[in-house]
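Before any comments, here is the structure.
Every read-out reported here was derived from the displayed coordinates using simple, explicitly stated rules and does not represent laboratory data. It should be emphasised that the depicted structure is a prediction, and the values quoted were computed from it without experimental measurement. Cβ atoms come from the backbone with ideal geometry, glycine included; neighbour counts cover every protein chain shown.
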Amino acid sequence: MKSMKKIISFVLAMAFAATMTAPMAMAEGETTFVKPEDETMLVAYPDGNKEPTLSFDKKNCLDYISVSEDGVNEAGITISTQTKVRYQGGCLEVKVANDKVRSVTETDENYVYDLSMGLQIRAEDFGLENFNGCTITMVVKFHPSITRDLTAEGALGILNNNEININAADMENTEGDVNSSRTVQYSVLEAKGFRDGILTVLEPDGDKRGNSNVININFPLIDSYTGTALYIDNLTIKTPLKDADGNDLYVKNVDGYNASASVDNTENIIEVGNTVQADSVASESIAEEAGEGGKGTIIIIAVVAAVVVIGIGAFVFIKLRNRYY
């Protein structure tokens, strides 16, 4: 009788487990994201200490992010890495040289979005077939000069609505249909630091959406402006796949991550007059190799301090010994 109860309990437990795991398996099977041929491109972070896919700590990050054709021809966009203004380690600085004023009216409100003036991230550069079902995150910071007080009468701003647009698209689609889109807005309350830009890429849906194999970061410039527009740091690509233990799989870091660099999310310091405007107190350069800069100096100081302490101790000991003996 006891053995029969055990058998029934076992069968019920297995049935319950099957009902719990079946929906999970179905959800995972629905994604059209394709695991890359090089499976080492995907990593899990069970301890939570994940590394960004693009950290912008080294110049080879420019092999994985580029300026769109409209960005070059229509807005004079250029990109480079620097360490003066950053979230952590190094940071991507985006400059524009735009001399055009673009109309944003009720009949022409989408004009600036028809142009892909901005940056592009292509799946093929990461050994991926598409970004379907992926979550793209980054931290962004607007340069103060690129935004305006929209509460003023007649104010439109240099960027349409003081925002950038992050979207996923199918490069093979000549119509340029956007598969998913999100805007990152500027606000006075958040002007003193970086804020998150998050895009969840949708799965294909018949004729409505195709494969998402490119991510666009667009700058809807509606007024002339020359100078730094935006800073981007720590871009992460989380795939819809999981490992055998149920951990999310991310596209690994590809440009060298300075994990020991501190996070610098300080308040704005705006220099007045004819000097160059900067919006971070950080001005020191970060060593090319992660964690190497400055360690040698600290060790030398510690050794010298130890020698001084030992010397003082020896001197006091000798004086006391001569006094009592």
Length gained if Leu62 through Tyr111 is fully extended, taking 0.36 nm per residue and subtracting the Cα-Cα distance, is 14.8 nm
In nanometres, the difference between 0.36 nm per residue of separation and the alpha-carbon distance of Thr151 and Gln82 is 21.5 nm
By Cβ neighbour count within 10 Å, fewest first, Ile166, Ile237 rank Ile166, Ile237
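Past the 31 Å Cα-Cα mark, which pairs from Lys58/Lys141; Lys35/Lys84; Lys50/Lys95; Lys35/Lys208; Lys50/Lys208; Lys95/Lys208?
Lys35/Lys84; Lys50/Lys208; Lys95/Lys208
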For the pair Thr40 and Ser224, the simple spin-label estimate (label points 7 Å beyond Cα toward Cβ) gives in nm 5.2 nm
Extension length gain for Asp47 and Arg195 (0.36 nm per residue less Cα distance), in nm, is 50.9 nm
